[in-house]
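Visitor: Take this structure, written in structure tokens, and hold onto it; I'll ask about it next.
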There are 4 protein chains.
Amino acid sequence: MRSFEVKNRTSVDDIKSIRLITAIKTPYLPDGRFDLEAYDALVNMQIENGAEGVIVGGTTGEGQLMSWDEHIMLIGHTINCYGGSIKVIGNTGSNSTREAIHATEQGFAVGMHAALHINPYYGKTSLEGLVAHLDSVLSMGPTIIYNVPSRTGQDIPASVVHTLAQSPNFAGIKECVGNDRVQEYTGKKIVVWSGNDDECHDSRWSHGATGVISVTSNLVPGLMRQLMFGGKNPSLNAKIMPLVKWLFQEPNPIGLNTALAQLGVVRPVFRLPYVPLPLAKRVEFVNLVKQIGRENFVGEKDVRVLDDDEFVLVSRY
Amino acid sequence: MRSFEVKNRTSVDDIKSIRLITAIKTPYLPDGRFDLEAYDALVNMQIENGAEGVIVGGTTGEGQLMSWDEHIMLIGHTINCYGGSIKVIGNTGSNSTREAIHATEQGFAVGMHAALHINPYYGKTSLEGLVAHLDSVLSMGPTIIYNVPSRTGQDIPASVVHTLAQSPNFAGIKECVGNDRVQEYTGKKIVVWSGNDDECHDSRWSHGATGVISVTSNLVPGLMRQLMFGGKNPSLNAKIMPLVKWLFQEPNPIGLNTALAQLGVVRPVFRLPYVPLPLAKRVEFVNLVKQIGRENFVGEKDVRVLDDDEFVLVSRY
Amino acid sequence: MRSFEVKNRTSVDDIKSIRLITAIKTPYLPDGRFDLEAYDALVNMQIENGAEGVIVGGTTGEGQLMSWDEHIMLIGHTINCYGGSIKVIGNTGSNSTREAIHATEQGFAVGMHAALHINPYYGKTSLEGLVAHLDSVLSMGPTIIYNVPSRTGQDIPASVVHTLAQSPNFAGIKECVGNDRVQEYTGKKIVVWSGNDDECHDSRWSHGATGVISVTSNLVPGLMRQLMFGGKNPSLNAKIMPLVKWLFQEPNPIGLNTALAQLGVVRPVFRLPYVPLPLAKRVEFVNLVKQIGRENFVGEKDVRVLDDDEFVLVSRY
Amino acid sequence: MRSFEVKNRTSVDDIKSIRLITAIKTPYLPDGRFDLEAYDALVNMQIENGAEGVIVGGTTGEGQLMSWDEHIMLIGHTINCYGGSIKVIGNTGSNSTREAIHATEQGFAVGMHAALHINPYYGKTSLEGLVAHLDSVLSMGPTIIYNVPSRTGQDIPASVVHTLAQSPNFAGIKECVGNDRVQEYTGKKIVVWSGNDDECHDSRWSHGATGVISVTSNLVPGLMRQLMFGGKNPSLNAKIMPLVKWLFQEPNPIGLNTALAQLGVVRPVFRLPYVPLPLAKRVEFVNLVKQIGRENFVGEKDVRVLDDDEFVLVSRY
């Protein structure tokens, strides 16, 4: 199921060179379907503020709560509307090899620039199985590997990454294990994006990382752009850090979803099993916005504390 | 689930003005998956020879044999690669209102220019039900209605079409009932595309039809272009007619699939319940190609009679 | 994907001998999901009144509006709860061979007693294609073939049926073309169930049909039992006929859905594209019930005329 | 979507009292579809050797590699054939609340006796989100909660379990965290099944566990039955332990799949990302069988070391 159309091809080098990639939020209508109007606004804010790539349907974008047809549709939509302005990286990974193959074929067919692949979380497998899993998708196009043992229950060891890196389609790794691991890779010319917003400044400026795949940049894309492009800047990093800590006090994207709703850029609709942060935390966020400066955050409306009954939780959609 | 992105919007007038729309063939790999490389070549041949639109996943393209995710992927792929060169009309119709809504939302989300909608075939419904069905999708974007009672078991009467035509999204009707019906619509300024290749010359030049949604143009796009643009031309029409008759001796796309395989532009792979025409008919096609002129047909290879054992029939894919 | 478990096997002869099969209605909750509690009540009424089989997810049961997983679930539910009391025949046919194969494998795996198969409606195919389509499912278990050209747009000719009848799994044909065709089959010992309630009395008693696959028996199962078992009975037939005519004035199951709602045995919920009959027709039904006798109809509540605003139409579910 | 049919209901107490539950293997045909014939044989072996329940489509049964329709079909098949002889517990859990709800409704509709539910792995959520997730399915029928932080990346704390235990549908917990946690629950009359074969003897006899949900019992059901019913038996436990250690050297079900293939009871077919253990380990297994006694293992054939090229790995199915 290949296409040789030029428009469906992106070079791996194009992917390797980008520094700020946002794991974009997926906003919802009150019935739980995608709110594409809000989504488009979010993507436009990223483009305007200097993000160079988006992960569509990542864990932040709640790919795990999408049916595959929704997921591929969102990738296709993004590439159709914004493919000329930003790199579109589809999270077509899965713990099922069949699903990963099918989704990755479809994602490249609708034009995504690169795929993000995870090791088989939850079900897990042996290292041989892991390599077989990733090998079955790596031939399809530019690929970023994602290592996040705190979610998957299993580390992708450096030995596996070195094997995968032989492939001409291997663009690099989104690494969450820490800066020692980052250093280990960058020392061997493997492209790394930090997967931890709290470490990414150091990853970039002290450990050779190319950039970050960020959650926080959904909120303050301009500041994250500066953090990745403007040279070592501990004071900017320190300014952002309280926001990062607030964002990750509960499993992502709970904090992000709560924040974006309070900024008025998405409807306060949650797909279960995600629920908003409690009131006290929501008040904290408003204070953080004031501290850091409303102008650094996405959206134009006043930030405000939402009441419990303003949130809509959907379980069937 | 709306998007206001300009790139996702096409005007109804843009659809109304096109004359040659090809109900494009979907080619397959031996395992039954889409052969996108061959598909891309087919679409390019259409563009080069003057077709202005394609129906993706129509009955000719065997939408009825696709899962919806395949179907939407193919629409997204087509728009991504060719949306600037040709109008992409997704056949997102269904006899299930739920499916029609879901597919049409997704089709417009990935950027299709217009939708093709059928009345509920097989299950059928009352006229009130039919209007409710079509109303539920008409608001989403430019729409062509498709009337083919020999397949659906139920005519869409003119009264219903007049009602639908009030919608600003109504582009026109693909009508298969005959030229009296065509005349009835064009007399009232309703745009009509003939759905019968054997009648389309007269529909266009004697009954006010705007053009044709054609099967035959998969094979001889240049001749069909001439037939729709070059003025009344009974001798050209007579030249094409034996090919048209050959094509429709069995339910479409059996003839088309057999022909394209023998022209060497698609692999001889059939998804069941379609099977190739028998050998004697395959010999007839080769003779027809010689009569009409190989140079008028798509592809560069010699046309040849395929043996029975060269065909691959797939039932699981 | 075979199972040799005895509990998963039914003999073809067991299917051949049953006379009254009801194409059972699928009732819905207000959100469009199945109302299993109401469904169970409907099936129990059939069992109590002498129906010997049910078609699950037929056109009457709106299989065309189900996702396949709903469809198979309903078959599995029916077999689990009632498989010991009534034959469960799953409508696992499709115009897509792939879907027909997948659904039929699954239906037999969850224990259905027999499959109902249709020729490829809408997409249609050649006779060779039709035979290939049906051959691909006939090996899986006891099978009834369904011929209804007014829906499919294509007759299954006797020659094809004679070929299929060679299979040990061929149980018989549900034939809608009329009593001449019925006679043609029964003269050759092919089991026939009438698919037309208005003809079934004559099919059974004058043309050798084994019985009927009935819509009307959803409403008056006891009368239909008598019609099929009690010997030639023109006066009973005449008594039922006005109800039959009322039921089929619009495409089935519009009349049936309206009737069952007014009898108080299902919620007045319609999945689009079906909509209720208009008020005047609903009044007629109440009069018919009084004429024929409330006691002959399913349910215990008074029949009543429902108002327009009591009906719920669902398009997303 | 409820059913009040008696046949569709099982009491929570019936679930609470069973001690040996096997997380049953799903065997495959060479094309990756279910091998129901082999599956039936496996279930029969469990029944004959005293297992009282099976988990269908657990992580051992590779539910994570099934489409939901396959998954529900397998539950329906199992209940239909064996529901009278063994309790059928469907693993209808998911990290997506929507999927968990849909699958659990369908599983109970086709007759499963109880559901197994996991916390949202990989995507994770807050404790409030976790409770909301489980609450949305707990009302549907008897439920076992499954805690396995090494797979999910997140512990279900005792506080949450105590909350869930208020529900009349809460049957108990499959706990993998260890015997201190087991003790904590059993001290409060919460039913616990050990999820660790290496600890289950002590869980059962020293920490109040009711029994085990076992992987090892796929291989030696009789011995596991004895271990759970025959009183404290350290020597039997010691005898089994080398097998348990062998089984879990790689993520389950890699060892189990390899073992069952070598015992000749399933075809040596793996769905990726699972691959067989390497040759040296396969030799070890044959030796273990000889040590423990072939007669204690399922199947009748000689155990043998399979060659690499006897295994079939499938990625599309």
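Visitor: Only Lys, Arg, Asp and Glu count, each charged at its Cβ (+1, +1, -1, -1), so figure out the dipole size of segment B:239-315 about its Cα centre, rounded to 20 debye. Don't jump to the answer; show the numbers that get you there.
Guide: Details: 10 positive and 9 negative charges, 52 e Å.
Here the size comes out at about 240 debye.
Visitor: Something else now. Taking the Cα centre of chain B as the origin, how large is its charge dipole in debye, to the nearest 20, when only Lys and Arg (+1) and Asp and Glu (-1) carry charge on their Cβ atoms? Provide the component values of the computation, followed by the final result.
Guide: Numbers: 29 positive and 33 negative charges, 104 e Å.
It works out to roughly 500 debye.
Visitor: Would you jot down the residues in segment C:33-53 that end up with at least 40 Å² less accessible area in the complete protein assembly than in the chain alone, with a 1.4 Å probe?
Guide: C:ARG33, C:LEU36, C:GLU37
Visitor: A further question follows. How many percent of the accessible area of segment A:96-153 is carbon or sulfur, using a 1.4 Å probe?
Guide: Details: 610 of 1090 Å².
Here it works out to 56 percent.
Visitor: Cut-off 10 angstrom, C-alpha nodes, Gaussian network model of chain A. Which of A:ALA171, A:ALA100, A:ALA280 fluctuates the most?
Guide: Fluctuation is largest for A:ALA280.
Visitor: What list of ³J(HN,Hα) couplings, whole Hz, do you get for segment A:272-278 from phi and the Karplus terms 6.51, -1.76, 1.60, once you set θ to phi - 60° and write x for glycine and proline?
Guide: These are the phi-based 3J(HN,Hα) values: 4, x, 8, 9, x, 5, x Hz.
Visitor: A further question follows. Taking the label point as lying 7 angstrom from Cα along the Cα-to-Cβ axis, what are the distances from A:LYS16 to the corresponding position in the remaining copies, in ascending order and in nanometres?
Guide: Shortest to longest, the spacings are 5.3, 6.3, 7.2 nm.
Visitor: Still on this structure, I have one more. Using unit Cβ charges (K, R positive; D, E negative) and no other charged atoms, how large, in debye to the nearest 20, is the dipole of the protein assembly as shown about its Cα centre?
Guide: Details: 116 positive and 132 negative charges, 0 e Å.
Result for the protein assembly as shown is approximately 0 debye, rounded to the nearest 20.
Visitor: Let me ask something else. Are there GluC sites (Glu not before Pro) in segment D:213-317 that DSSP marks as loop and that have at most 14 other Cβ atoms within 10 Å, and which are they? It would help to have the intermediate numbers written out before the result.
Guide: Numbers: sites: D:GLU284, D:GLU295, D:GLU300, D:GLU310; in loops: D:GLU300.
Of the GluC sites (Glu not before Pro), the ones in loops of segment D:213-317 whose Cβ has at most 14 other Cβ atoms within 10 Å are D:GLU300.
Visitor: Measuring from label point to label point, each 7 Å out along Cα→Cβ, what is the A:ASP14 to B:LYS281 span in nm?
Guide: The modelled label-to-label distance comes out at 4.4 nm.
Visitor: Let me ask you something else. Would you be so kind as to identify which of C:ILE254, C:PRO268, C:GLY299 lies farthest towards the positive end of the dipole of segment C:252-299, taking Lys and Arg as +1 and Asp and Glu as -1 on Cβ and the Cα centre as origin?
Guide: C:PRO268
Visitor: Now for a different question. Can you give the accessible area of C:TRP68 in Å² (nearest 10), computed on protein heavy atoms with a 1.4 Å probe?
Guide: Per-residue accessible area (C:TRP68): approximately 70 Å².
Visitor: Continuing with the same structure: For segment C:229-308, what is the per residue volume of the convex hull drawn over the alpha-carbon atoms, in cubic angstrom?
Guide: Values: hull volume 8.5 nm³, N = 80.
It comes to 106 Å³ per residue, whole-number rounded.
Visitor: Next question, about the same structure. Rounded to the nearest 500, what is the protein assembly as shown's calculated 222 nm mean residue ellipticity when only DSSP H runs of at least 4 contribute -39500 (n - 2.57) each, over all residues? All intermediate terms of the calculation are to be shown ahead of the outcome.
Guide: On the way: 52 runs with 520 residues, N = 1268.
Rounded to the nearest 500, it is -12000 deg cm²/dmol.
Visitor: Quantify how strongly other chains surround peptide B:275-283 by giving the mean number of their Cβ atoms within 10 Å of each of its Cβ atoms. Intermediate values should be presented prior to the final figure.
Guide: Details: counts 9, 3, 2, 2, 0, 0, 0, 0, 0.
For peptide B:275-283, the averaged partner shielding equals 2.
Visitor: Counting partner chain Cβ atoms within 10 Å of every residue's Cβ in A:129-136, what's the average? All intermediate terms of the calculation are to be shown ahead of the outcome.
Guide: On the way: counts 10, 3, 2, 7, 5, 1, 2, 5.
The shielding value for this peptide is 4.
Visitor: Follow-up. To the nearest whole percent, what portion of all C-alpha pairs in chain B is separated by more than 38 angstrom? Walk me through the numbers before you get to the answer.
Guide: Details: 4299 of 50086 pairs.
Tail of P(r) above 38 Å: 9 percent of Cα pairs.
Visitor: Write out the trypsin sites (Lys or Arg not before Pro) in segment A:147-224 meeting two conditions: DSSP loop, and at most 12 other Cβ atoms within 10 Å of their Cβ. Write out the running numbers ahead of the final one.
Guide: Numbers: sites: A:ARG151, A:LYS174, A:ARG181, A:LYS188, A:LYS189, A:ARG204; in loops: A:LYS188, A:LYS189.
Listed in order of number, the matching sites are A:LYS188, A:LYS189.
Visitor: For chain B, build the charge dipole from Cβ charges (+1 Lys, Arg; -1 Asp, Glu) around the Cα centre, then report which of B:VAL220, B:SER150, B:ILE173 sits farthest towards its positive end.
Guide: After comparing all options, I get B:ILE173.
Visitor: Can you run phi through the Karplus equation (6.51, -1.76, 1.60; θ = phi - 60°) for segment A:309-317 and list ³J(HN,Hα) in whole Hz, with x for Gly and Pro?
Guide: In residue order, the calculated couplings are 7, 7, 7, 10, 10, 10, 10, 10, 7 Hz.
Visitor: Which helices, counted as full DSSP H runs in chain A, have an axial Cα extent of no less than 27 Å and a Kyte-Doolittle average of 0.5 or above?
Guide: On the way: long enough: none.
Membrane-span-like by this rule: not one helix.
Visitor: Arrange the residues C:ASP35, D:ASP155 by how much accessible surface each exposes, largest first, with a 1.4 angstrom probe.
Guide: On the way: C:ASP35 10, D:ASP155 55 Å².
Highest to lowest solvent-accessible surface, that is D:ASP155, C:ASP35.
Visitor: If I take the Cα coordinates of segment C:146-253 and project them onto the principal axes, what are the three extents in Å, biggest first?
Guide: Per principal axis, max minus min of the Cα coordinates gives 38, 30, 22 Å.
Visitor: With viscosity set to 0.890 mPa s and temperature to 25 °C, compute the Stokes-Einstein D of segment D:230-273, Rh being the Kirkwood radius across alpha carbon pairs; µm²/s, no decimals. Kindly include the intermediate steps, with their values, before the conclusion.
Guide: Values: Rh = 11.9 Å.
Value of D from the Cα-based Kirkwood radius: 206 µm²/s.
Visitor: List the pair-distance distribution P(r) of the protein assembly as shown, using every Cα-Cα distance, as the percent of pairs falling in each 20 Å bin from 0 up to the bin containing the longest distance, rounded to whole percents.
Guide: That works out to 11, 37, 38, 13, 1, in percent per bin.
Visitor: Provide the descending list of Cα extents for segment D:270-317 along its principal axes, expressed in whole angstroms.
Guide: 37, 22, 16
Visitor: Using alpha carbon coordinates only, what is the Rg to Rh ratio of segment D:175-317, with Rh defined as the Kirkwood radius?
Guide: Working: Rg = 16.4 Å, Rh = 16.0 Å.
Rounded to two decimals, Rg over Rh is 1.02.
Visitor: Taking the dipole about the Cα centre of segment B:1-76, with the C-beta of Lys and Arg at +1 and of Asp and Glu at -1, give me whichever of B:GLY61, B:ASN8, B:ILE24 is farthest to the positive side.
Guide: B:ASN8
Visitor: Mind checking how much accessible area A and D bury in total, 1.4 Å probe, in Å² rounded to 100?
Guide: Working: alone 13210 and 13190 Å², together 22820 Å².
That pair of chains buries around 3600 Å² in total.
Visitor: Then there's this: How large is the accessible surface per residue of the protein assembly as shown, computed with a 1.4 Å probe and reported in Å² as a whole number? Please list the in-between numbers first.
Guide: Numbers: 40160 Å² over 1268 residues.
About 32 Å² of surface per residue is accessible.
Visitor: Could I ask something else about it? Which values of log₁₀ I(q)/I(0), to two decimal places, follow from the Debye formula for segment C:190-233 at q = 0.26, 0.33 Å⁻¹ with a uniform point scatterer at every Cα?
Guide: -0.87, -1.30
Visitor: Right, another one. List the residues, sorted by chain then number, that are 5 or more residues from D:VAL269 or on another chain and whose placed amide H is less than 5 Å from its amide H.
Guide: Here the answer is D:TYR28, D:VAL312, since their amide H atoms fall under 5 Å of that of D:VAL269.
Visitor: Also, I was wondering about something else. What are the distances, in nm and sorted shortest first, from the label point of B:SER85 to the label points of the same position in each other copy, with each label point placed 7 Å from Cα along the Cα-to-Cβ direction?
Guide: Result for B:SER85, in nm, nearest copy first: 2.6, 6.3, 6.4.
Visitor: If the label for C:SER206 sits 7 angstrom from Cα along the Cα-to-Cβ line, what are its distances to the same label in every other copy, in nm to one decimal, shortest first?
Guide: Ordered by distance, the counterparts are at 4.6, 8.6, 9.7 nm.
Visitor: What is the antiparallel percent of DSSP beta bridges lying wholly in the protein assembly as shown, to the nearest 5? Kindly include the intermediate steps, with their values, before the conclusion.
Guide: Working: 4 of 120 bridges.
Antiparallel: roughly 5 percent of the beta bridges in the protein assembly as shown.
Visitor: Okay, moving on. May I ask which of A:LYS7/B:LYS301; D:LYS87/D:LYS301; A:LYS87/A:LYS174; A:LYS245/A:LYS290 have a Cα-Cα span longer than 20 Å here?
Guide: Working: A:LYS7/B:LYS301 26 Å; D:LYS87/D:LYS301 28 Å; A:LYS87/A:LYS174 16 Å; A:LYS245/A:LYS290 16 Å.
Check vs 20 Å cut-off fails for A:LYS7/B:LYS301; D:LYS87/D:LYS301.
Visitor: Now for a separate question. Taking N as the number of residues in segment B:1-101, what is its alpha-carbon radius of gyration divided by 2.2 N^0.38 Å?
Guide: Working: Rg = 13.7 Å, N = 101, 2.2 N^0.38 = 12.7 Å.
Compared with the compact-globule rule of thumb, segment B:1-101 sits at 1.08.
Visitor: Using a 10 angstrom cutoff on alpha carbons, build the Gaussian network for chain B and name the most mobile of B:THR163, B:THR186, B:THR26.
Guide: B:THR163
Visitor: When Cβ neighbours within 10 Å are restricted to other protein chains, what is their mean count per residue of peptide B:66-78?
Guide: Numbers: counts 2, 4, 1, 10, 6, 1, 7, 12, 3, 3, 12, 11, 2.
Average neighbour count from other chains, rounded to a whole number: 6.
Visitor: Per residue, what volume in Å³ does the convex hull of the Cα atoms of segment B:107-195 enclose? It would help to have the intermediate numbers written out before the result.
Guide: Numbers: hull volume 8.4 nm³, N = 89.
Hull volume over Cα atoms, normalised by residue count, gives 95 Å³.
The values are calculated or read from the model by the stated rules, or taken from the named source; none is laboratory data. None of the values given here were measured: they were computed from a predicted structure. Neighbour counts run over all protein chains shown; Cβ positions are idealised from the backbone, glycine included. Just so you know, the surface numbers come from the protein's heavy atoms only, side chains and all, with ligands and any DNA or RNA stripped out. Shrake-Rupley method; radii C 1.70, N 1.55, O 1.52, S 1.80 Å.
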